[in-house]
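Structure first, then comments.
The values are calculated or read from the model by the stated rules, or taken from the named source; none is laboratory data. Owing to the predicted nature of the structure, the values given are computational and were not obtained by experimental measurement. Glycine gets a Cβ as well: all are built from the backbone with ideal geometry, and neighbour counts include every protein chain shown. Each accessible area value is taken on the protein alone, full model and side chains, heavy atoms only, with ligands, DNA and RNA left out. Shrake-Rupley method; radii C 1.70, N 1.55, O 1.52, S 1.80 Å.
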Amino acid sequence: MVFGLTMYNGSVLAEVVRAGVNAVPKGQSEAGYAIGLRKGQLMRLILVPQAITAMMPAIVSQLVVLLKDTALGTIIAYDNLTSKLSILQNLYTNAIPAAIVIACVYIPINLTLAWAATQLERRNRRRQITAIPALGRHGRGLIRQ
């Protein structure tokens with residue numbers, strides 16, 4: 001389960017990072033190369049800080065998916081473990097109180113992460129709207145000609 005979740009979420013997050021870096025306009029990397037930055041410096045100083053704002057909602061959403069997947073994997077592994085070992089059969093006696101405690105922790109964590117993803121997405125949408133300059137009727141900007 002751990003290997004599968006690591007490979008799956010690692011590939012999804014790698015694609016999110018790749019898409020986030022590619023979303024930064026090419027002029028930014030050209031400007032970095034023009035001032036003499038190497039590829040590593042360009043990524044660290046220019047591209048990644050700008051890409052993080054675009055990537056953050058997707059990363060938080062992937063954290064929600066990871067949390068839900070680990071819970072599902074734990075249920076599957078727990079069931080297999082308890083059905084195979086007769087020593088652990090007495091754990092079923094406190095199943096309802098344990099489930100209530102787990103739910104009281106699990107549900108707020110999921111709701112908090114989902115709320116954070118929604119807030120980040122709204123903030124990014126607001127920021128993109130305000131970052132675009134207001135264009136006139138003919139696309140000339142605010143200066144009248």
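Suppose we filter ILE107, ILE87 for residues that are open to solvent by 80 Å² or more (accessible area, probe 1.4 Å) and at pLDDT 70 or above; which single one remains?
The match here is ILE107.
I need the helices (runs of 4 or more DSSP H) fully contained in the range 1-75, keeping only those with at least 1 residues that are closer than 20 Å to ALA116 by Cβ.
2-23
Of the residues that make up the range 40-53, is at least one at pLDDT 90 or above, in contact with a Phe, Trp or Tyr (Cβ under 8 Å, 6 or more places away or on another chain) and surrounded by 13 or more Cβ atoms within 10 Å (Cβ to Cβ)?
yes
Only residues that are over 21 Å from ASN124 (Cα atoms) and surrounded by 13 or more Cβ atoms within 10 Å (Cβ to Cβ): list them for the range 5-32, please.
Within the range 5-32, LEU5, TYR8, ASN9, SER29, ALA31, GLY32 qualify.
If you go through the range 65-84 one residue at a time, do you hit one that is over 28 Å from GLY10 (Cβ atoms), open to solvent by less than 80 Å² (accessible area, probe 1.4 Å) and modelled with pLDDT under 80?
Among the residues of the range 65-84, at least one is over 28 Å from GLY10 (Cβ atoms), open to solvent by less than 80 Å² (accessible area, probe 1.4 Å) and modelled with pLDDT under 80, which makes the answer yes.
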